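The structure appears below as structure tokens.
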Amino acid sequence: MALAVPLGLLALWELLARLAVVSPRYFPPPSRVSTALVDGFTEGDLGGETLVTLTRLALAFALAAVPAVPLGLLMGMVRPVREAVEPYIAVLFPVPKIALLPFLMILLGVGEPAFVLTGAISAFFQITISTLAGVQTMDPRLLDVGRNYGAHGARLFTRVILPAALPAIFTGLRLGLGLALVAIVAVEFIAAKSGLGHLVYRHWQTLSTPQMYGAFALVGALGLLLTRGLRALQARMLVWQEDPGRL
């Protein structure tokens, strides 16, 4: 079903475009889109623009995850820290992060630091909240068992708290990665002069719809591959975790 539904929709789109039921100018058949994708990699600048977007995404994700995971763990374990930080997260989390771009460009100038930081902020709050939830929702009986077996301090953290929170941490990382990609592409669409988002905007301006749809599809494919990669890493690291889908 995962393949049959999209393939069926693509076949229907191809047929409607070939029969001119929908305008091929605005909705080119998928065969033309795939040809534009191949040509963009072999003869155009699609490969270079993809690398630009991936570089920005990697930097933004690292800037978000490195402080967010420790902060979420600390908030979950130390109540005064949680009470001090949580109100700020509650206020800032609902704000559309792309709305911060003008402010960041005033502070940092129009360039890579502002673009990357917008993506990092988008992922930071999601990762922090998921990590905090992983600590807060862990079974308290695990702590009792750990203490009964002599685990205290750092040993209790590494052997009990961190493993219990890891599924939620990986969920936050996957969601944060997706949010960072959305923000980076939006920034490229609005302000940058490179990247896949800029490529979509540029082809939209010239009505090069096959190339536009190709770049758009590539963004979706990157998001799918990266989040599935994190899920595979989670399955490899958390071999003890039960998969409810197999029940």
**Prompt:** Quick one: what pairs do we get from segment 15-33, first residue in contact (Cβ under 8 Å) with a residue 40 or more places away in the chain, second outside any helix (DSSP H, G or I) and exposed (fewer than 11 other Cβ atoms within 10 Å of the Cβ), C-beta under 8 Å, 6+ apart or different chains?
**Reply:** Arg25/Leu207
**Item:** Selected residue (criterion: nearest to Gln211 (Cα to Cα)) from residues of segment 25-45 that are over 28 Å from the mean Cα position of the chain (by Cα) and open to solvent by 50 Å² or more (accessible area, probe 1.4 Å)
**Value:** Arg32
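Going by the structure shown, is Ala2 part of a loop (DSSP other than H, G, I, E, B), over 24 Å from the mean Cα position of the chain (by Cα) and over 30 Å from Val187 (Cα atoms)?
Against the criterion (part of a loop (DSSP other than H, G, I, E, B), over 24 Å from the mean Cα position of the chain (by Cα) and over 30 Å from Val187 (Cα atoms)), Ala2 does not qualify.
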**Asked** What pairs come up if the first residue lies in segment 223-247 and is charged (D, E, K, R), the second is open to solvent by less than 70 Å² (accessible area, probe 1.4 Å) and at pLDDT 90 or above, and their beta carbons are under 8 Å apart, counting only those six or more places apart or on different chains?
**Response** Arg231/Phe170; Arg231/Arg174
**Request:** At least 3 residues that are not hydrophobic (A, V, I, L, M, F, W, C) in each: list the helices (runs of 4 or more DSSP H) lying fully within segment 23-118 that qualify.
**Result:** 30-42, 46-77, 79-92
**Message:** Can you find, within segment 117-134, the residue that is nearest to Thr55 (Cα to Cα) among those that are among the β-branched types (Val, Ile, Thr) and open to solvent by 10 Å² or more (accessible area, probe 1.4 Å)?
**Reply:** Ile121
**Item:** Meets criteria (under 24 Å from Gly223 (Cα atoms), among the small types (Gly, Ala, Ser) and under 16 Å from the mean Cα position of the chain (by Cα)) for Gly119
**Value:** yes
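Just to check your reading of the model, which residue among Gly48, Gly109, Gly72 is within 26 Å of the chain's Cα centre (by Cα), under 18 Å from Thr131 (Cα atoms) and open to solvent by less than 60 Å² (accessible area, probe 1.4 Å)?
Residue meeting the stated conditions: Gly72.
The values are calculated or read from the model by the stated rules, or taken from the named source; none is laboratory data. On a predicted model such as this, the values are computed, not experimentally measured, just so you know. No Cβ is skipped: glycine too gets one built from the backbone with ideal geometry, and neighbour counts run over all protein chains shown. Quick note on the areas: whole protein, heavy atoms, side chains included, nothing else; ligands and nucleic acids left out. Shrake-Rupley method; radii C 1.70, N 1.55, O 1.52, S 1.80 Å.
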